[in-house]
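Worksheet: the structure to be examined is printed underneath.
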Amino acid sequence: VTAATIPTHVPQDLVRDFDIFEFRGDPRLPSTPFEVFDELRDIRTFWSSHHSGYWVLTRAEDIREVFQKPEVFSNHGGSSTILGRTGWPRKLIPEELDPPEHMKYRRPLALPFSPGAVTARGDRVEQVCRDLIESVAATGSCEFLDDFARPFPTTIFTEILGIPTDESPKFLRWNGIIQHSHDPELRARTGAELTQYLIDHIEDRSRNPKDDLTSHLLQSEVDGKPMSKEDALDTCFLMFMAGLDTVTAALGFIFRHLAEHPEDRRRLVADPELVPLAVEELLRAYAFITLTRLVKEDVEVGGVQMKAGDPVVLMTALATRDPLEFPDPATVDIGRAPNHHMAFGAGPHRCVGSHLARRELNVAVREWLRRIPDFEVAPGASLEVHASASMGLESLPLVWEVR
Ligand code: HEM
């Protein structure tokens, strides 16, 4: 543990030995992260002593305030300040842009990810999902992440970009390495491979436009001019970072819960209409994304004085499990309504892909339960969550009886 030099404006009693990015400060983090997070609320806003140090807000109200003030809390430079590195040499578009730039680049994504566009893709989402379930149903067991939760969103994603389905295993491999490998050289090499693939794909679509997201981006206007190939690349790369692992992680948490809670499973089998509420509740209870902001001017928030240059970390799980906003927040109630959670963020950067993500998750739960209504975690399996700005299960072996 490297204890950072604590800045002089940070009161000593707000400094805490806790790190979300590498799970430091509590040995229970990999097995029961959400329970550990719930205990962080005894200090409304604390300063992590890890990396170069950062603020963590624990109340939903304060987290929402930061989400909604991009003019004070910048989306650029937060994670590189904390971790000393970025995943991409240029800016991820639109994630790392601030207003007014942000809106110009986010606008082109509105239509392709609108509820209407997602509905139009609905049949294909169902088909990919059913095929994957069918490929394991008769075997009585699977490694849920490898066999289902990774290929499902990856196939949909490559199709949206206009990449042939048979290329999707390549994207699966690239994604696994870029997001999870601990070997920086391998990560860099794989990142370069993916980048080159996307550059070639964008080059092709700029010459032969088709009916896909890549062509749509190249045809959309930014400041009265068509989006440049570089900007399209930065956007596609962000999509790759934002749209694959997130759905995989959500599926992992949701299916682990269902595997371990037969009463919830039975309720959903008996009443599939309840699936949308259940998915929402499981996204809330197991919110797995952490965002970072960089303070642009001295400001008071969450009861503390922050200075320009301070990084602020927004853990969505702290917002979605805040007892000031949700009665009995640690309890999963699959019929919970209303359920206005921040698992998809809030404010101008709120998740562009939320409609697609919800559709994929709903279809997965409904179709899986229809085909495999009873299943459990393989006996003896120890389930661990990996630390990162996007947490997820390491593996999820499931078993069921084949009838
Ligand atoms: C359950 C799955 C998902 C979760 C929990 C999730 C969560 C989030 C969150 C919390 C943000 C806000 C980032 C911020 O405030 O800085 C975000 C942004 C974003 N998400 Fe998602 N996401 C999911 C799936 C997807 C999918 C499937 C896509 C697209 C294929 C996607 C594309 C994006 C994009 C492009 C942004 C950046 C928006 C902007 O900067 O304006 N996400 N997501």
Query raised in the report: If Ser215 passes every condition in (1) closer than 30 Å to Arg284 by Cα; (2) of a type in the set (Gly, Ala, Ser); (3) more than 16 Å from the ligand (Cβ to nearest atom) but one, which one does it miss?
Result: (1)
**Report entry** Matching option when the condition is under 28 Å from Leu218 (Cβ atoms) and without any contact (Cβ under 8 Å) to a residue 40 or more places away in the chain, among Pro89, Pro94, Pro99
**Finding:** Pro89
Report task. Kindly state which helices (runs of 4 or more DSSP H) lie completely within the stretch 1-99 and contain at least 3 residues that are at pLDDT 95 or above. Result -> 33-38, 60-67
**Report entry** Single unsatisfied condition, Leu277 versus (1) within 18 Å of the chain's Cα centre (by Cα); (2) more than 9 Å from the ligand (Cβ to nearest atom)
**Finding:** (1)
Query - Looking only at the stretch 160-217, and only at residues there that are in contact with a helix residue (DSSP H, G or I) (Cβ under 7 Å, 6 or more places away or on another chain) and small (Gly, Ala, Ser), the one that is farthest from Lys229 (Cα to Cα) - result: Ser181
Report summary line: Considering the stretch 74-94, residues that are among the hydrophobic types (A, V, I, L, M, F, W, C) and near the ligand (Cβ under 10 Å from one of its atoms), and then whichever is surrounded by the fewest Cβ atoms within 10 Å (Cβ to Cβ), we arrive at Leu92
**Report entry** Verdict on Ser141 being of a type in the set (Ser, Thr, Tyr), surrounded by 13 or more Cβ atoms within 10 Å (Cβ to Cβ) and closer than 21 Å to Arg106 by Cα
**Finding:** no
Requested in this report: Considering only residues that are over 23 Å from Val385 (Cα atoms) and of a type in the set (Ser, Thr, Tyr), look in the stretch 33-54 and name the one that is surrounded by the fewest Cβ atoms within 10 Å (Cβ to Cβ).
Outcome: Ser52
Report summary line: Considering the stretch 333-364, residues that are among the small types (Gly, Ala, Ser) and in a helix (DSSP H, G or I), and then whichever is farthest from His102 (Cα to Cα), we arrive at Ala364
Query raised in the report: Here is a list of conditions, (1) surrounded by fewer than 23 Cβ atoms within 10 Å (Cβ to Cβ); (2) closer than 18 Å to Phe37 by Cβ, and Met241 meets all of them except one; can you say which number that is?
Result: (2)
Requested in this report: Return yes or no: is Phe67 of a type outside the set (Val, Ile, Thr) and within 16 Å of the ligand (Cβ to nearest atom)?
Outcome: yes
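Yes or no, residue by residue, for (1) surrounded by fewer than 19 Cβ atoms within 10 Å (Cβ to Cβ); (2) near the ligand (Cβ under 9 Å from one of its atoms); (3) at pLDDT below 95; (4) of a type outside the set (A, V, I, L, M):
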residue: Phe326; (1), (2), (3), (4): no, no, no, yes
residue: Ile334; (1), (2), (3), (4): no, no, no, no
residue: His341; (1), (2), (3), (4): no, no, no, yes
residue: Arg350; (1), (2), (3), (4): yes, yes, no, yes
residue: Ser354; (1), (2), (3), (4): yes, yes, no, yes
residue: Glu376; (1), (2), (3), (4): yes, no, no, yes
Requested in this report: Answer with yes or no whether Arg130 is assigned to a helix (DSSP H, G or I), within 16 Å of the ligand (Cβ to nearest atom) and over 28 Å from Gly191 (Cβ atoms).
Outcome: no
**Report entry** Scan of the stretch 284-332 for residues that are in contact with a Leu (Cβ under 8 Å, 6 or more places away or on another chain), assigned to a loop (DSSP other than H, G, I, E, B) and charged (D, E, K, R), ordered by number
**Finding:** Asp310
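The values are calculated or read from the model by the stated rules, or taken from the named source; none is laboratory data. Nothing here was measured: the structure is a model prediction, and the numbers come from that model. As a convention, Cβ positions derive from the backbone with ideal geometry for all residues, glycine included, and neighbour counts pool all protein chains shown.
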